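Only one structure is covered here, and it is reproduced in the block below.
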Amino acid sequence: MKTSKYTCYFILINFFFFSSLIAQTKTYLSGTYADTAVDWEFKMSQGRNSGYWTTIPVPSNWETKGFGYYTYGKDHKDYKTKPEIGFYRHNFKFNLKSDKRYFIVFQGAMTETTVTLNGKQVGETHIGGFTEFKYEITNFLKTGNNILEVEVLKPATHPQVVKAERIADYWLFGGIFRPVYIEELPTNYIKRVAIDAQMNGDFIMDVFTDASKENVSLTAQIYDSNNQKVGKSFSGKVLKNKGHLEATLKDIALWSHEYPNLYSVEVTLKQKKKILHTYRQKFGFRTFEVRDHDGFYLNGKRVLLKGANMHSFRPETGRTLAKQDMLDNIKLMQDMNFNTVRICHYPPDAEFLDLCDSLGLMAMDELPGWRHALPDEIGSKIVKELVVRDVNHPSVILWSNGNHLAHNPKFDEDFFKWDIQKRRPLKNETKTGDIYKGYAPDFDIVKTNFYPGYNLLKQRLFEENHIVLPNEALHALYDGGGGANLKTFWDAIEASKVGGGLMIWALFDEGLRRTDMNNKPFHQGNNAPDGIVGPNSEKDGSFYAVREIWSPVSIEEDKITSNFNGELTIKNKFDFVNLKECEFRWKLIAFETPNTSASGYRTIVSGKVNTPNIFPNHTGQIRIDLPQNKPKFDALVIEVRDNKGLLVYEKRLMLEKESIFFQTSKRNKVKQDENNPFLFYLGTTTILFDAHSAVLKKVAVKGKQTSITNFPFIDVKQADSLKVEEKNQLEVKALVKKESENFVVESHNCYGFDAIKWTIKPSGEIKLDYKFSPQEGIYEYAGIGMSVNADAVKSKRWLGEGPARIWKNRMEGGLYDVYGVDKLINIPGEVYNQPEFEGYFAPWKWAVFYLEDNVSIGFQNNSDVILGVLNPVNGENAKFASWKYPDKAGFYFFNTISAIGSKWKKPTEFGPDAQPTFIKEPQEGSVSLFINWNNVEKNSENFKISIE
């Protein structure tokens, strides 16, 4: 049904939650999420608000609730003698049933947890801060009042666990940060199941029981997402508390990131005909393969994994998330056309993987550990806790055996032991590390080495014979990395026979709101602001670039002409979806003009495209049935929604036509001063040119001089060691002449220019044509500028591809529109006021800047110059995530611009698109100025009207 794709999120999510309720009975002692947390009694041992009993919401990280120490990277130096310990107490009432068993489940507590119920410790202290654990409390729980006491040590007592989980380049928290609940089960029950459901319909399931009764058996029935039976029921015996069931189903709907089809299996534990327990588990039929020396295959189709690294994090709540946070994370990633997420450094909330299953996002699930591996015995237990919890998620396609130096090859055996599907555990490796050192498994190693430069990436892709999957790449510190050079890297990965994919570092800037720092996101310098988006999903240019580069749909044409016949060439880059299953909509739009105050566009006419059969990885034609009598319009918009209803592509094709953007009166006159031929009057605007260079020296409005001056001046930055030669130029005098109703001011071979030509028109247009010849060499940027007082600039409106600024190596992602932006402070990693006001912008048609004293200055792009606005500010200690840009505040028009680097790589290490530009030819361009063209000539009188 057509409507089903728009309700996909709702149906699939509700299917999961309904299944979960059938599977088990839970009584939550805590809240279920950050926004439903329940107060428990609490006392902190050290740091803020320590030494007395109060309350704290559970679940939560205690640092975010005003307790203990804020910790980044490692625990405070006295943690051994003065450890942070959280003491929890919770009184609750309970009604015991005689034929039931009870377990208390902690889904996550950092880092060592001791649990006491009614004065008795219920089991061994749990070590490890990121995995779920449980204790049986049948003999500790009582009917009526109960008191639960939990002692949580933030730093572990085991030194190797401290190294593994408490020395890391991220925020280190403490506390019960995920839900706590009591699980009620029958005396004889099913503990868990492990499912392997393959693309051919083969279904294999191990069932683990805790049953003291003799001669018990198992029966299973599979259901689809509409809770309809699929196939016949099948049965098996239980031997030593383990059963093994198999079945083969026909005509199944496969799970993939594009078709997240889900099933559930209901398993019944019986003694003869008596039902002892029923257990229900969600799963998907799919086959994921790592084919050595080849690539990753999903359901027999080679796929490239595209995504980013993600921590469980919010600035206000740390690692404790709300349900909406998890949904928003997936929506954000799917907005950027990810198909995979590397859940790095520790496993996520269980519910996050449920959502990946239902919404269609592949996942890499990672064992805790950042720089140091977990100790063997404890690590083996944590691997079991990780795999047992997550084994049945079809979205989990790969395990990660720790982060780079935290890899322990001994744990591979544990992953294979507990995973019925035998998914591959990856070894992650540092930038310069030898991935083969101390590691020789019986399968080929996937090359996951972090942060390769372009040349090294090409070497691995085309000269070696191992699957290449840089699990951290294009480090997105500040405005660098992320989308910058992604196109170059991705083109190489797509072209390689061993390309496996790429994971950007990282998804979010992880700034924690600290109450001792004005409650603003604090990023620990340049350590945590590594994201494609800001801490609250603020979007900069990389978001839009990634979205376009990884779109599963692309249109070949970039513009249309007046004789456009409605045909467009389109490429299908989906893995499984035929474009006939997608929805294509078109509209003709007219943009707002410089004369209006509004931004955006008006939709003139719209319609839907009848999409033909275009199979994955094929190119075809679509035809748009435009009205015969087309109204006037500026651009054609194409929007594509996939089979799940998600917007995956949008393109705006400008109509090639002669356009008059600035609507001005042609009846005005240009007046030349009687005494100074280089002084002109246009209404209330006065302009003065230099008599020798023809440079615009002064602009005054209503007799008051503005800060606009010195236009144009040349600004270039050479990348090589050559110095810019000063040209010896003779003293020349500019020429002034009148051509029809226009005045022309021009000079040659002066002020570094080959030529400057001004044409001053009665309409108010002041057109500049320029040409200059830099010394032959390699340049970061080259262009012309206009001096202006940055403090005088208040806002801007512009028509171009936005909303974000660009760099030479990040040109993708923009959409034509009229954008209105106030000038606000924007400092990467510190102050988030996107879209950025300053920087490079292109392509563009016109721009208007609103200055103090009601002065407005408009620019019209008559050529292909790139607009530069004032001076972009970078974040603290940007390392190589920096750029080259003029120091002087002004408006600029560039012929070539600079690239941006990433934290660990200079721009020149990122391939051809990031190299400085070799210039040997003259640089030229044309722009027009309009100053207060849209203002009334006389002051309007103000009237007061009173009603008696």
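Is it the case, given these coordinates, that Gly911 is in contact with a Phe, Trp or Tyr (Cβ under 7 Å, 6 or more places away or on another chain), crowded, with 17+ Cβ neighbours inside 10 Å and either of a type in the set (Asp, Glu) or at positive phi (or both)?
Working: in contact with a Phe, Trp or Tyr (Cβ under 7 Å, 6 or more places away or on another chain): yes; crowded, with 17+ Cβ neighbours inside 10 Å: yes; either of a type in the set (Asp, Glu) or at positive phi (or both): yes.
So Gly911 passes the test.
Residue by residue, here is whether (1) closer than 30 Å to Asp99 by Cα; (2) among the basic types (Lys, Arg); (3) assigned to a loop (DSSP other than H, G, I, E, B) holds:
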{"site": "Leu218", "(1), (2), (3)": "yes, no, no"}
{"site": "Ser225", "(1), (2), (3)": "no, no, yes"}
{"site": "Lys232", "(1), (2), (3)": "no, yes, no"}
{"site": "Lys270", "(1), (2), (3)": "yes, yes, no"}
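The residue that is nearest to Leu367 (Cα to Cα), among those in the range 426-447 that are surrounded by 14 or more Cβ atoms within 10 Å (Cβ to Cβ) and touching a Pro at 6+ places or on another chain (Cβ under 9 Å), is Lys427.
Considering (1) more than 27 Å from Phe288 (Cβ to Cβ); (2) touching a helix residue (DSSP H, G or I) at 6+ places or on another chain (Cβ under 8 Å), the lone condition that Ser225 does not fulfil carries the number (1).
In a residue-by-residue description of the range 262-277, the property of being under 19 Å from Val391 (Cβ atoms), among the acidic types (Asp, Glu), modelled with pLDDT of 95 or more and not assigned by TED's automatic domain parsing to the domain that holds Asp210 applies to no position.
Annotation note: Cβ proximity below 6 Å between a residue of the range 420-444 that is in the same structural domain as Ala197 (by TED's automatic domain parsing) and a residue that is in a loop (DSSP other than H, G, I, E, B) and hydroxyl-bearing (Ser, Thr, Tyr) (sequence gap 6+ or interchain) occurs for no pair. As for the range 449-462, it holds at least one residue that is buried (at least 20 other Cβ atoms within 10 Å of the Cβ) and at positive phi.
In this structure, Val701 qualifies as under 26 Å from Ser597 (Cβ atoms) and at pLDDT below 95.
Candidates in the range 463-503 are the residues that are in contact (Cβ under 8 Å) with a residue 40 or more places away in the chain and part of a strand (DSSP E or B); of these, the one that is farthest from Glu366 (Cα to Cα) is Gly499.
Is one or more of the residues making up the range 520-542 among the hydroxyl-bearing types (Ser, Thr, Tyr), crowded, with 20+ Cβ neighbours inside 10 Å and outside any loop (DSSP other than H, G, I, E, B)? Yes, the range 520-542 contains at least one residue that is among the hydroxyl-bearing types (Ser, Thr, Tyr), crowded, with 20+ Cβ neighbours inside 10 Å and outside any loop (DSSP other than H, G, I, E, B).
The residues on offer are Asn932, Asn862, Asn877, Asn871, and the sole one that is surrounded by fewer than 17 Cβ atoms within 10 Å (Cβ to Cβ), at positive phi and either modelled with pLDDT under 95 or not assigned by TED's automatic domain parsing to the domain that holds Asn536 (or both) is Asn877. Filtered by the rule that a residue be on the phi > 0 side of the Ramachandran plot and assigned to a strand (DSSP E or B), the range 94-144 gives a lone residue, Gly144.
Per this entry, Glu214 is not counted among residues that are within 44 Å of the chain's Cα centre (by Cα) and either part of a strand (DSSP E or B) or not assigned by TED's automatic domain parsing to the domain that holds Trp40 (or both).
Quick one: which residue in Thr603, Thr596 is of a type outside the set (Gly, Ala, Ser), under 30 Å from Val821 (Cβ atoms) and under 31 Å from the mean Cα position of the chain (by Cα)?
Values: Thr596 fails: under 31 Å from the mean Cα position of the chain (by Cα).
None of the other options fit; the residue is Thr603.
If you check Val193 against the conditions, is it touching a residue at least 40 places away in the same chain (Cβ under 8 Å) and more than 29 Å from Gly86 (Cβ to Cβ)? Reasoning before the result, please.
Working: touching a residue at least 40 places away in the same chain (Cβ under 8 Å): yes; more than 29 Å from Gly86 (Cβ to Cβ): yes.
Taking the combined requirement at face value, the residue satisfies it.
The condition of being in contact with a Gly (Cβ under 8 Å, 6 or more places away or on another chain) and either within 28 Å of Lys431 (Cβ to Cβ) or among the hydrophobic types (A, V, I, L, M, F, W, C) (or both) holds for only one of Phe859, Phe837, Phe894, that being Phe894. Somewhere in the range 384-396, is a residue closer than 20 Å to Ser312 by Cβ, outside any loop (DSSP other than H, G, I, E, B) and of a type in the set (Asp, Glu)? There is at least one residue in the range 384-396 that is closer than 20 Å to Ser312 by Cβ, outside any loop (DSSP other than H, G, I, E, B) and of a type in the set (Asp, Glu). Among the residues making up the range 153-185, those that are in a strand (DSSP E or B) and touching an Asp or Glu at 6+ places or on another chain (Cβ under 7 Å) are Leu153, Trp171.
Are any residues in the range 37-59 of a type in the set (S, T, N, Q) and either without any contact (Cβ under 8 Å) to a residue 24 or more places away in the chain or touching a strand residue (DSSP E or B) at 6+ places or on another chain (Cβ under 6 Å) (or both), and if so, which ones? Even if it seems obvious, please write down each step before you answer.
Quick first cut of the range 37-59, residues of a type in the set (S, T, N, Q) only: 45-46, 49-50, 54-55.
Across the range 37-59, the qualifying residues are Ser45, Asn49, Ser50, Thr54, Thr55.
Tell me which residues, restricted to the range 820-853, are of a type in the set (Ser, Thr, Tyr) and out of contact with any Lys or Arg (no Cβ under 7 Å at 6 or more places or on another chain). Spell out the reasoning first.
Let us first name the residues in the range 820-853 that are of a type in the set (Ser, Thr, Tyr), namely 832, 840, 850.
Selection gives Tyr832 alone.
Can you find even one residue in the range 63-77 that is closer than 23 Å to Glu183 by Cα and either in a loop (DSSP other than H, G, I, E, B) or of a type in the set (Val, Ile, Thr) (or both)? First the steps, then the outcome.
First, pick out the residues of the range 63-77 that are closer than 23 Å to Glu183 by Cα: none.
No - not one qualifying residue is present in the range 63-77.
Kindly evaluate Glu650 against the criterion of being charged (D, E, K, R), part of a strand (DSSP E or B), at pLDDT 90 or above and farther than 20 Å from Ser763 by Cβ. Criteria met by Glu650.
Lys944 meets the conditions (1) modelled with pLDDT of 95 or more; (2) more than 25 Å from Lys702 (Cα to Cα) in every case but one. The failed one is (1). Restricting attention to the range 586-611, the residues that are in a loop (DSSP other than H, G, I, E, B) and either touching a Lys or Arg at 6+ places or on another chain (Cβ under 7 Å) or crowded, with 19+ Cβ neighbours inside 10 Å (or both) total 4.
Can you spot a residue in the range 682-689 that is in a strand (DSSP E or B), in contact (Cβ under 8 Å) with a residue 24 or more places away in the chain and out of contact with any Phe, Trp or Tyr (no Cβ under 9 Å at 6 or more places or on another chain)? No, there is no match, as no residue in the range 682-689 is in a strand (DSSP E or B), in contact (Cβ under 8 Å) with a residue 24 or more places away in the chain and out of contact with any Phe, Trp or Tyr (no Cβ under 9 Å at 6 or more places or on another chain). Candidates are the residues of the range 345-359 that are surrounded by fewer than 23 Cβ atoms within 10 Å (Cβ to Cβ) and hydrophobic (A, V, I, L, M, F, W, C); the one that is farthest from Thr131 (Cα to Cα) is Leu359.
Among the residues of the range 817-844, what is the count of those that are of a type in the set (Asp, Glu) and either closer than 25 Å to Ser902 by Cβ or part of a loop (DSSP other than H, G, I, E, B) (or both)? Steps first, answer last, please.
So the first thing to find is which residues in the range 817-844 are of a type in the set (Asp, Glu), and the list is 817, 822, 830, 836, 838.
Restricting the remaining residues to those that are either closer than 25 Å to Ser902 by Cβ or part of a loop (DSSP other than H, G, I, E, B) (or both) gives 830, 836, 838.
Adding up the residues that qualify gives 3.
When the range 37-62 is examined, which residues are found to be part of a loop (DSSP other than H, G, I, E, B) and within 26 Å of Pro521 (Cβ to Cβ)? Selection gives Ala37, Gln46, Gly47, Asn49, Ser50, Pro59, Ser60, Asn61. Residues in the range 317-358 that are closer than 21 Å to Tyr170 by Cβ, among the hydroxyl-bearing types (Ser, Thr, Tyr) and not in a loop (DSSP other than H, G, I, E, B): Thr340 alone.
The values are calculated or read from the model by the stated rules, or taken from the named source; none is laboratory data. Keep in mind it's a predicted model, so treat the numbers as computed, not measured. Cβ sites come from the backbone with ideal geometry, for glycine too, and all protein chains shown count toward neighbours.
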